[in-house]
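This report refers to the structure that appears directly beneath it.
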Amino acid sequence: MRIPSNSKGAYLREACATALVIGMSATFAAAAERGGTLTVAIPQMGASPDPVVTTFGTNWMTAAVACEGLFAIDESWSPQPMLAERFSYNDDGTRLTVTLRDGITFHSGAPLAASDVVASLERFKSSAGIGASFAGVVESISAPDDKTVVFDLAAASPIVPGILTVTPSVILSEASLNGANATTPVEALDCTGPYKVAEFSPDQGVTFERFDSYVSRSEPSSAEAGAKHAWADTIEFRLQPEASIRRDSLLTGEVDIAMELPTDFYDAVELSPETQPVVIANQQSLTVVFNTQKGPAADENLRRAIYYALDKDPIMLASVGNPEFYTLDPSWVPDPASIWHSTAGVPDNHQSPNLELAKEYLAKSNYNGEELRWLTATEQHQKHYLTAITAVQQLRDFGLNIQIQEMPIATYIQQRADVDAMDMFSSFLPTYVDPTSIAYLNASYPGFWTDQQKLDLMDELARTIDTDERVAIFNRLHELAYAQFPFIKYGTEAKLYAVRVGVEGASASPVSNIDFYNVVPPSK
Amino acid sequence: MLRYIGKRFLLILPTIFVPLIMVFLLLRLSPGDPAGMILGDQATAEQIAALRAELGLNEPLGVQFVIWLKNIVTLDLGNSLFFRDPVVEIIPRYAGVTVGLATIALVLAILIAVIAGSFSALKRNSIVDRSIVTTTVLGISVPEFWFALILVFVFAVTLRWLPVAGYTPPSAGIIAWGTSIALPALALGIRQSALMTRMMRSSMLDVLGEPYITTARAQGLPEHVVIGRYAMKTAAIPVVTVVGLSAGYMLGGTVAIEIIFALPGLGRLLVEAVARRDFPVVEGGVLAISLILAALNLIIDIIYAIIDPRIRYK
Amino acid sequence: MQDRTNPPNPGLDGDDKEIVVVTKPVWQRLLANPTAVISVLCLMVLVLGSVFANAVAGSDPLRINPSIRFKPPSFEFPFGTDNLGRDMFKIVLHGGKTSLLVGAVVTIISMTVATVLGLLAGYYRRVDMFLMRFVDGLMSFPAIVLATAMTGYLGPSVGTVVTSLSIVLIAPSLRVVRGQVLVVRELQMIEAARAVGVPTMRIFTKYILPAVSSPILVQASFIFSAAILSEAALSFIGLGIGSEDISWGNALTESRNYVSRAPWIVMFPGLALMLAILALNLLGDALRDVLDPKLARRR
């Protein structure tokens, strides 16, 4: 019953092609008229629109529409200037100078000045997650004049523009920040984006209105970079936590876009003449991360045995459901459009288990039937539990003693950070702009991969400026991950969402599918 | 009677402290950390520790309890750790939605129950009785979230009479509010009405067997007087109990309905607040529910005393 | 209407002393009631199917086999397979074990506690004062918060669900029992018994308990179904028995997105659930008729 991954690829390509047609119509829509309301059903939203206070990416959606940073990512995952006019490094790569665009104003009407950038990024610098990586590279941020921002770096580093594409690094006016620290949310987002937040109602939704003084870039739109058209007069996010309700709202035309649908809904939205599925191929990797510090899983031979014992296709099939919505691609950067996509070090026959080898490694390991605790979060049933249970069934058959521990996400986050409380946990990983941002590679991230060779490579990666050299270093890191298996990737899953017929420009790019400013609402 | 009400009113205070202390301890003793939930899954241990200190979560449990108690007594419920708004402003917003929903559902349920239940009892063992009983059993054997999904499929997707989901506040017009709350109220009310119908029927049968009903009939009182003034009034006692239970259940237990219909109600707020360990919101929510229920129980006890003269409070 | 409800007056002259007119043992009278017989048979099928699930359907119901997802009912899979390729026949039978166990244990625990406390509260005013304040407090504690906190503390499991549901369901049953005792306490027969010096214990067992047994039975059937359904509702919001176990409610929750694609995934656990509750309620009604002395007198 194994399905060769090629046929899946073929389907995905076809799905991409369909999506591409939708994507291309955005260019045609240049002649389209502005107006109308674009209503989007979303599965979750944060308590506050402020993206700095949390590292949960799902809570950044509002800011991603209303705000902009100095840089933005294009479809190939490279940073492009957004609020920046131009940028340059000094000769030894330790100072980055960014010149701001002219004529940009905040929603409040105040003009964008370098001091706003300094205030916003200082706050970002003291925030958790990627803000911490930013703080690790940037020593100081200063504004020699109103239009220039200077970043003095601790050591030569190429990663600053990449970091400054993430949503928490967006620029808010200094006045609106009002000295707020990185854990206190601001009252409202005074940003520079094409839409301003008219109403933010927690647990209900968000209403955006077009910002009339928005000055768009002239480059063609590409993911979050380039021109932003602001077709709709109003964009409305409606919070609908239940997936079937999002589908039903779409089918009845109450909403124009239904985000995050289970892949089993594909046929329903495909069959209806009024709706259309959009498939985002290569969205994220489904993974398991090991405790490399303590307990039985700290034994790398046991981890190797697990890798060779796993049959990845059934694991992906159980979780994703439709064989046409995943691949068994081994790259730790799931999107092939990124230059960081890699197959370095991946064993031959990655897609099938090798029980002989698995037994060899198990024999070499010190594992003696101790219980392995595998953490999953209840809220992530599909990504966490379904992969885990399928993998655990295979590993039990192989002779390992594994207990799945299912728990609320608050407990899961706390427990996986405790070296004594877990041996492995289910997780997933999207594509990052720069591999230095990959959470798993952070030595203090649960799993705590602190191999000396890895630390040296990470260090080298952070300091090297030349892109080709950096790709080579990352490939060595990738190789190391496939030798030591601090984490195992089963495959890459696609994501499904759907739109009403008449919606144009809906993006199928894994970079961003929330670029609603470039989506034309159906004429009603 | 007035003295009784006054006494009961004073007794509300200890009633409210039972759940409040329970929730304080349960929340703080269970694992999971608000700081971790605020910062998200990419935060490091040091960042989480710093935020814990900032939020005052590192104090010993006893100290936290004293601070909390002092705040409760001074009616300072604090700010939500997530919204950062005062809890006293957040709770009424959400409670309004739930109370509106529960009221409509309850009225619907009581109407159906009193009529169907009495009718069923009076026509005991007839076809009408049997079909009412069967319907009620079907009604109580289907989970509410299933009712909700079926109602959406029938009335929103197929017939397109009502919206699939979403909430319109009454300030936007009573009709619009009614439309947005109709399906959720129905989904919530059906099960409760089935419960109450059964209770009404069973209790009505009991009462119809009482000697005083027979006496009343023997004295030649018209049947509508016997049923209306004597039987239904007494039969309603257990139903009143059930109404109280239903109301309590609806205030805290509408989560599934609120999730499906995307209503910003108290149940969903509470579950989410517990899930993200937003202590002040959970405590405020429990306090609000306790107050409403305490008031409700008081009203129910008074109704008991009014409709059943056999219960005398001395 | 009147003919049916206004039967010839058999015992107006008789007072409360001749309350129990038992002619045959309860079980014999139950056997004479076709509804009761069918209900008992239904329940027996469900209980036996669950208890002997391993023998009837095979073991390891949670075994995932993604290559056979969404297979319609067939000879090999009488109830079809679900979205993970699990045998629905196994899931329904093994799920019944959990659902019926949750229902039974919760009903026994909460009804026993509620009956004992309800009798005391209804009879002794002092106990009533103290107990009812506590119960009011307990009742105003949202079940969902208790379940969430307990799940956080103990992790999702059958034990967690049983514990939190038992605690939550004590209070409403206690109120029902107490409300009924309050009424019965004022009856002449009790006052008479007290006056002639019948021991309190005997008053409880001989007079009050029989008089309140009918609402207790009806309430127990509510509690049983409420427990099974609450377990399903808790599963829906992710606070149920967890994915490592299987119950009807759990299966219903997981299948909710596949109604149109594979109706059998929804139908079979749904039917089992409804059948169990239907049978229990009808049995409760039948028992009520048999046990209730006042109604029995009118037969």
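Laboratory data are not the source of any read-out in this text; all were calculated from the coordinates shown. Model, not experiment: these values are computed from the prediction. Note that we place each Cβ from the backbone using ideal geometry, even for glycine, and neighbour counts take in every protein chain shown.
From other protein chains only, count the Cβ atoms within 10 Å of every residue's Cβ in B:159-167, then give the mean. Display every interim value, and only then the final one.
Working: counts 0, 4, 0, 1, 4, 15, 12, 10, 6.
Per-residue shielding by partner chains comes out at 6.
Hey, rough spin-label estimate for A:ALA155 and A:ARG95, points 7 angstrom out along Cα→Cβ, what's it come to in nanometres?
2.1
Can you give me the angle between helix A:386-398 and the longest principal axis of chain A, using Cα atoms only, in degrees from 0 to 90, rounded to the nearest 10?
The two axes meet at around 10 degrees.
Explain nothing, just the number: relative contact order of region C:108-187, from Cα pairs under 8 Å at least 6 residues apart, as a whole percent. If you can, show how the numbers build up before the last one.
On the way: 68 pairs, mean separation 41.8, N = 80.
Reported as a whole number, the value is 52 percent.
Residue farthest toward the positive end of the dipole of the protein assembly as shown, with Cβ of Lys/Arg at +1 and Asp/Glu at -1: which of B:ILE115, A:GLN240, C:VAL196?
Going by the charge dipole, the pick is C:VAL196.
Of A:LYS294/A:LYS489; B:LYS7/C:LYS206; A:LYS364/A:LYS489, which sit over 26 Å apart, Cα to Cα? If you can, show how the numbers build up before the last one.
On the way: A:LYS294/A:LYS489 21 Å; B:LYS7/C:LYS206 34 Å; A:LYS364/A:LYS489 23 Å.
Beyond 26 Å: B:LYS7/C:LYS206.
Within region A:289-341, report the trypsin sites (Lys or Arg not before Pro) that DSSP leaves as loop and that have at most 16 other Cβ atoms within 10 Å.
The qualifying sites are A:LYS294.
Could you tell me how many cubic angstrom of Cα convex hull volume region B:97-264 has per residue?
Details: hull volume 20.4 nm³, N = 168.
About 122 Å³ per residue, rounded to a whole number.
With unit charges on the beta carbons (Lys and Arg positive, Asp and Glu negative) and the dipole taken about the Cα centre of the protein assembly as shown, which residue among A:SER342, C:PHE75, A:MET82 sits farthest to the positive side?
The listed residue farthest towards the positive side: C:PHE75.
In nm, what is the difference between 0.36 nm times the number of residues separating A:ALA443 and A:SER201 and their Cα-Cα distance?
Taking 0.36 nm per residue and subtracting the Cα distance, the gain is 83.4 nm.
Need one number: nm distance between label points at B:ALA218 and A:THR234, each 7 Å from Cα along Cα→Cβ, rounded to one decimal.
For B:ALA218 paired with A:THR234, the spin-label model returns 7.1 nm.
With a Förster radius of 22 Å, plug the Cβ-Cβ distance of A:GLU274 and A:GLN44 into 1/(1 + (r/R0)^6) and report the FRET value to the nearest 0.05. Please list the in-between numbers first.
Numbers: r = 26 Å, r/R0 = 1.17.
The computed FRET efficiency comes out at 0.30.
Can you work out the base-10 log of I(q)/I(0) for chain A at q = 0.08 1/Å, using the Debye formula on its C-alpha atoms alone?
Summing over Cα pairs of chain A leads to -0.52.
Which of the peptides A:500-511, A:324-335, B:106-117 is most tightly packed, and how do the rest follow, judged by the mean count of other Cβ atoms within 10 Å per residue? Don't jump to the answer; show the numbers that get you there.
Numbers: A:500-511: 21.7, A:324-335: 24.2, B:106-117: 20.1.
Listed from highest to lowest mean packing, they are A:324-335, A:500-511, B:106-117.
Please give the average number of partner chain Cβ atoms lying within 10 Å of the Cβ of each residue in A:230-239, rounded to a whole number. List each step's numbers first, then the result.
Values: counts 0, 0, 0, 0, 0, 0, 0, 0, 4, 5.
So the per-residue partner count for this stretch is 1.
Within 10 Å of each residue's Cβ, count the other Cβ atoms and sort B:ILE67, A:ILE257 from fewest upward.
On the way: B:ILE67 13, A:ILE257 27.
Result, fewest neighbours first: B:ILE67, A:ILE257.
Excluding same-chain residues fewer than 8 positions from A:LYS454, which aspartates and glutamates have a Cα within less than 16 Å of its Cα?
A:GLU300, A:GLU479
In degrees from 0 to 90, rounded to the nearest 10, what is the angle of the helix A:114-125 Cα long axis to the longest principal axis of chain A?
20
Select from region C:46-152 those chymotrypsin sites (Phe, Trp or Tyr not before Pro) which occupy a DSSP coil region and have at most 10 other Cβ atoms within 10 Å, ordered by residue number. Walk me through the numbers before you get to the answer.
Working: sites: C:PHE52, C:PHE70, C:PHE75, C:PHE79, C:PHE89, C:TYR123, C:TYR124, C:PHE130, C:PHE134; in loops: C:PHE52, C:PHE70, C:PHE75, C:PHE79, C:TYR124.
Listed in order of number, the matching sites are C:PHE75.
Figure the gain on full extension for A:THR450 and A:ARG396 (residue separation times 0.36 nm, minus the Cα-Cα span) and round it to one decimal in nm. Don't skip to the end; give the middle numbers.
Numbers: separation 54, 0.36 × 54 = 19.44 nm, distance 2.85 nm.
Between A:THR450 and A:ARG396, full extension yields an extra 16.6 nm.
In nm, give the distance between the simple-model label positions of B:LEU75 and C:ARG125, each being 7 Å from the Cα along the Cα-to-Cβ direction.
With each label point 7 Å from Cα toward Cβ, the separation is 3.4 nm.
Counting other C-beta atoms within 10 Å, and keeping those with at most 12, which DSSP coil chymotrypsin sites (Phe, Trp or Tyr not before Pro) do you find in region B:212-276? Before the final figure, lay out each step's value.
Numbers: sites: B:TYR212, B:TYR230, B:TYR249, B:PHE261; in loops: B:PHE261.
Listed in order of number, the matching sites amount to none.
Efficiency by 1/(1 + (r/R0)^6): what FRET value for A:GLU479 and B:ASN58, r their Cβ-Cβ distance, R0 = 56 Å, to the nearest 0.05? Numbers along the way, then the final one.
Details: r = 43 Å, r/R0 = 0.76.
Efficiency, from the Cβ-Cβ distance: 0.85.
By a straight-distance test (C-alpha under 12 Å), which aspartates and glutamates pair with B:LYS233 as possible cross-link partners, with residues fewer than eight away in the same chain excluded?
Correct list for B:LYS233: B:ASP308.
What ranking of B:PHE147, A:PHE516, A:PHE448 emerges when the number of other C-beta atoms within 10 Å of each C-beta is taken as an exposure proxy, fewest first? Can you show the working numbers first?
Details: B:PHE147 21, A:PHE516 28, A:PHE448 18.
Starting with the residue having the fewest Cβ neighbours, the order is A:PHE448, B:PHE147, A:PHE516.
Taking each residue of B:143-153 in turn, how many C-beta atoms of other protein chains fall within 10 Å of its C-beta, and what is the average? Before the final figure, lay out each step's value.
Values: counts 15, 4, 11, 11, 0, 3, 8, 1, 0, 6, 4.
Average per residue, whole number: 6.
Which of B:GLY40, A:ALA410, C:LEU278 sits closest to the plus end of the dipole of the protein assembly as shown, meaning its Cα is farthest towards the positive end, when Lys and Arg get +1 and Asp and Glu get -1 on the C-beta?
C:LEU278
So, with +1 on the Cβ of K and R and -1 on the Cβ of D and E, and no other charges, what is the size of the charge dipole of the protein assembly as shown about its Cα centre, to the nearest 20 debye?
Values: 85 positive and 105 negative charges, 1302 e Å.
Computed about the Cα centre, the dipole is about 6260 debye.
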